[in-house]
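Structure first, commentary second.
The values are calculated or read from the model by the stated rules, or taken from the named source; none is laboratory data. The model shown is predicted, which means the values in this text are computed figures rather than measured ones. With ideal geometry, Cβ positions are generated from the backbone for all residues, glycine too; neighbour counts draw on all protein chains shown.
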């Protein structure tokens with residue numbers, strides 16, 4: 001039996017932690033290699049320096065917008081390594097939407113998707129007969145007091161990204177050209193502002209988990225979150241008093257549910273690991289179709305592999321979560337990932353919140369966001 005023990009870091013929600021622990025137990029039984037998982041809060045997970053984690057852990061669950069920064073820091077080991085070509089090709093083919101390429105940067109693969117997500121719509125099927133399909137329908141429900149929207153940074157920026165993309169003018173990802181199209185940016189900010197004026201002001205401090213916890217409570221008064229990262233946990237029987245169903249995003253544009261800001265997580269291997277081969281083995285396995293369409297989702301995970309999204313049992317157990325949001329995920333937009341994006345994401349989110357809770361011209365906020373984005377490419381010290 002192996003005497004290797006790997007250390008892993010993930011995020012502290014059942015969706016992020018429970019499947020990793022379950023899969024690690026199976027892996028130890030099969031290979032003798034132990035994987036011990038620690039966890040951090042969602043907010044900490046989104047902002048904690050990856051390099052510091054890489055010096056303490058062999059395996060790290062990351063967000064794809066970090067890849068530019070972590071490549072510059074040299075703290076992760078690329079996963080496209082000789083001798084694993086067939087397995088790498090299989091993982092790429094199993095991608096849902098842009099989940100797999102989202103971790104590819106400078107022609108190397110820095111993580112494998114184990115969790116696929118994008119902004120979709122969440123609703124209480126016991127309170128709404130059907131989910132709204134247009135932004136106008138969302139506003140009607142907001143006027144009836146039915147709507148919540150997570151606007152805590154970075155989610156206000158994600159809403160802007162999604163609406164611009166849905167209007168057919170997705171935000172830029174390169175230094176050249178304006179970051180936000182002037183017309184689409186104004187329309188998106190005004191749409192968020194109009195909705196924010198109709199909902200609980202506390203939404204400015206709420207992330208998706210806070211919104212879904214409120215919606216799924218025994219005395220819930222809200223039935224809809226129109227733009228929110230999907231959380232399959234809330235669709236499972238018994239997770240919360242009220243079950244939440246998920247559906248494709250409501251549309252403002254003419255192209256259907258496209259342009260949503262891609263989320264999800266990937267598993268990466270530390271460049272400092274003394275057990276790098278063992279860490280590679282686990283990363284390839286847990287991201288593969290067999291585990292993703294089996295133990296991973298059954299332990300409460302939200303898989304990143306198409307085999308799980310197409311699994312009949314997975315859909316039956318989750319009110320059709322995967323089937324009913326797949327179109328939005330396949331049409332999702334990939335955020336910027338350059339070194340400098342992460343500080344921009346925080347600053348831009350704060351700027352949007354100031355705009356949507358105030359009365360300033362939306363065009364002024366768009367201009368500021370464009371300037372902030374350009375500045376994010378400045379040499380980093």
Residue tally, condition more than 18 Å from the chain's Cα centre (by Cα) and either touching a residue at least 40 places away in the same chain (Cβ under 8 Å) or crowded, with 19+ Cβ neighbours inside 10 Å (or both), over region 206-238: 10
Does residue 353 fit the bill of being out of contact with any helix residue (DSSP H, G or I) (no Cβ under 6 Å at 6 or more places or on another chain), modelled with pLDDT of 95 or more, within 13 Å of residue 160 (Cβ to Cβ) and assigned by TED's automatic domain parsing to the domain that holds residue 150? no
Which one of these does residue 29 not meet: (1) modelled with pLDDT of 95 or more; (2) assigned to a loop (DSSP other than H, G, I, E, B); (3) over 30 Å from residue 258 (Cα atoms)? (2)
Picking from 259, 300, the residue that is modelled with pLDDT of 95 or more, touching a helix residue (DSSP H, G or I) at 6+ places or on another chain (Cβ under 8 Å) and buried (at least 23 other Cβ atoms within 10 Å of the Cβ) would be 259
For the subset of region 172-186 comprising residues that are crowded, with 20+ Cβ neighbours inside 10 Å and free of Cβ contacts under 8 Å to residues at least 60 places away in the same chain, which member is nearest to residue 120 (Cα to Cα)? 184
Of the residues 363, 293, which is under 30 Å from residue 240 (Cβ atoms), in a helix (DSSP H, G or I) and modelled with pLDDT of 95 or more? 293
